[in-house]
Structure formats: C-alpha cells, structure tokens
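Worksheet: one structure, shown below.
Coordinate-derived values only; no laboratory data. Bear in mind the structure is a predicted one, so any value in this text is a computation, not a measurement. Neighbour counts are summed over all protein chains in view; Cβ atoms, including those assigned to glycine, are modelled from backbone coordinates with ideal geometry.
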C-alpha cells in the first residue's frame, strides 16, 4: 500500500509543504518564530543533514517526507512533513505507520545510534498517541521553549 524511498526530490518536499496540515504549520511557526512559508519549509527540510526519505502510495503520490537530523553524537532527532491524504485514508496511515516504524528500527539498529528523539508542541496530543505507536516514550516537557509554547520530548533509547 505504501513504500519508502530514500532521498526524495525537492519537488516532493514542495508538494507536501503546499498542503501541510495546519497543526504542522503551527508547529513549524512555533519552532522557527516565523510565519509559515511552504517554500522556506520545503527548502529548509530538504537541506537538513542526516538521512531523508519519502513515503509514497503505490500510485506514486507522496504522502509524507521525513528524516533524522543529528542532534548530538549518537542521537538523531526526527522530523516529518505530511499530506492530509495520509491521515484521511486509513490504509495509508496504517501501512505508513508500519513503514515508518520499520525505518526507525533500521536507523536505531545502526551501531553508532543510541537514541532517537522527537520534539512536539505540547498541544498536539493526537500526534503524541501516534509517537507511542512508533515506539517512542515520553521523556519530558520543556516549558515555554518554542516561541513561548511548551514542547514535549519523546525518545527511544538503546537498552
């Protein structure tokens, strides 16, 4: 139903950012302190260091773009930009969740990686439930960090 492709082209970043759900736009605004701009979001994420991937429907439609940027030695912070189609279509979000979890497991299995982390606005409680499905565990809340808004941190750590 879905497939992952490494290093998606810039046009797919632009396509996703043009239809990014409002909650994701608000998170980008809070983290950057700037009004949301699809061109800037696409270009900024395209140029992040670290592995990048695209989640595609069988018909080639890009459902999401994501990746992992180095945060500190052995620690990678995830990022994800999605199409509303991903969340409106149960077969896509179910299959996509499995694909993303598998991708995270592969990154996490690398011997130099000992932690993955996820930062989210505290208000995005629906997303927080999905993070737990991906294997993340709540770590802490950072008060008034993103443009004055609380940020929740989730992580997966090697045992």
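Brief remarks on what is shown
- Residue order, fewest to most surrounding Cβ atoms within 10 angstrom, among 100, 11: 11, 100
- Percentage of interatomic Cα-Cα distances in the chain larger than 22 Å: 40
- Calculated FRET efficiency for the pair residue 97/residue 144, C-beta based, R₀ 41 Å, to 0.05: 0.85
- Fewest-first ranking of 61, 131, using other Cβ atoms within 10 Å as the exposure measure: 61, 131
- Antiparallel bridge percentage (DSSP; both residues within the chain; nearest 5): 90
- Top of 66, 96, 74 by mean-square fluctuation, Gaussian network on the chain, Cα under 10 Å: 74
- Relative to one another, the C-alpha centroids of segment 115-131 and segment 5-36 are positioned 16 Å apart.
- For 106, 24, order by how many other beta-carbon atoms lie within 10 Å, fewest first: 106, 24
- Between 35, 21, 70, the Gaussian network model of the chain with springs among Cα atoms under 10 angstrom shows the greatest mean-square fluctuation at 35.
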